[in-house]
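No lab work stands behind these numbers, since they all come straight from the coordinates. Since the structure is predicted, the reported quantities are computational estimates derived from the model, not experimental observations. Cβ sites come from the backbone with ideal geometry, for glycine too, and all protein chains shown count toward neighbours.
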């Protein structure tokens, strides 16, 4: 089994590593480059921004290999969900590619994200049961009028989290790689080997992309890559058994950052989808930390919390850890906001 897992990771990594340069050249030829024009841009030269297609190709090749490997398959609906995973990943990348070319307004983007959530739910990738962390009792299956909105919220939230996280070189790809590794470990522990291979395929694809995306980046993943990663990660989170606490612990800092920014923008009378330099990674960079320092710190925090999610013995401990981390993060966000306000008033 270990050999099969290694094969999937290596295939995903090589597929991404070998095809990303092709999409970098195509991006330059097609004019799909990100010039440093926006206030939140940190790079100083035009950079191709469809490198995320390399991750998509690496992932798909690794998934094809994983499907043919002789591993135990315990889910009778696995291939329906696999079809939803692949179809949704392709659609997400195409929508992202269209945005990279024509810059979709916020409302069409939100509608597209809702549509992606519906594609997943239609292929049985939905949240219909969850476990009470205090009693261990399974709650559900939930009625469809709760399942569908809950699943769509899960996908739109994850898509925006990864898309907004992609603000520094290597940040989003590295965080997704860590989350994929945690999901794979969790699935292996539950004996879900065939599904674990899908998470390992995503791990390999992100690892193959990082040499081109880590600071100083030679290519950006663009909305193409961010949407692909967001959809795939959201789907794998559900296919891993909808372990919400595990998912949230790994991504708690990016998720809270998105929530904080939405509230802050609304309070300032701005659209919550209007990009700015208010995200935590931008604030840390503006405070004097280098891109690499900020990115490595993010990676370290996500890896630490992911390890906690795997080691904590019961859901109650996970909930407690999640609460403590959330309160600490919100307090830090509040401190940074107050500091920024005080500096602006001087």
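Data for the structure
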quantity	calculated
Alpha carbon convex hull of the stretch 50-163, projected area averaged over orientations, nm²	9.0
Compactness of the stretch 115-256 - radius of gyration and Dmax, Cα, Å	15.3, 50
Taking the convex hull of Cα positions in the chain, its mean projected area over all directions (nm²)	17.2
Binned Cα-Cα distance frequencies in the stretch 129-182 - 10 Å width, integer %	20, 31, 31, 16, 1
Normalised contact order of the chain, rounded percent, pairs of Cα under 8 Å and 6 or more residues apart	24
Cα-based convex hull volume of the stretch 71-127 per residue, rounded to whole Å³	77
Using distinct alpha-carbon pairs, which all enter the 1/r mean, Kirkwood radius of the stretch 255-303 in Å	11.7
Most to least packed among 90-100, 194-204, 209-219, 73-83 [average Cβ atoms within 10 Å]	194-204, 90-100, 209-219, 73-83
Extension gain, residue 314 back to residue 111 (0.36 nm per residue minus Cα-Cα distance, nm)	69.3 nm
Listed peptides 141-150, 253-262, 26-35 by packing density, highest first (mean Cβ within 10 Å)	253-262, 26-35, 141-150
Stretch gain in nm, segment residue 3-residue 67, where the contour uses 0.36 nm per residue and the Cα spacing is subtracted	21.6 nm
Quarter of Cα convex hull surface for the stretch 234-346, i.e. mean projection, nm²	8.3
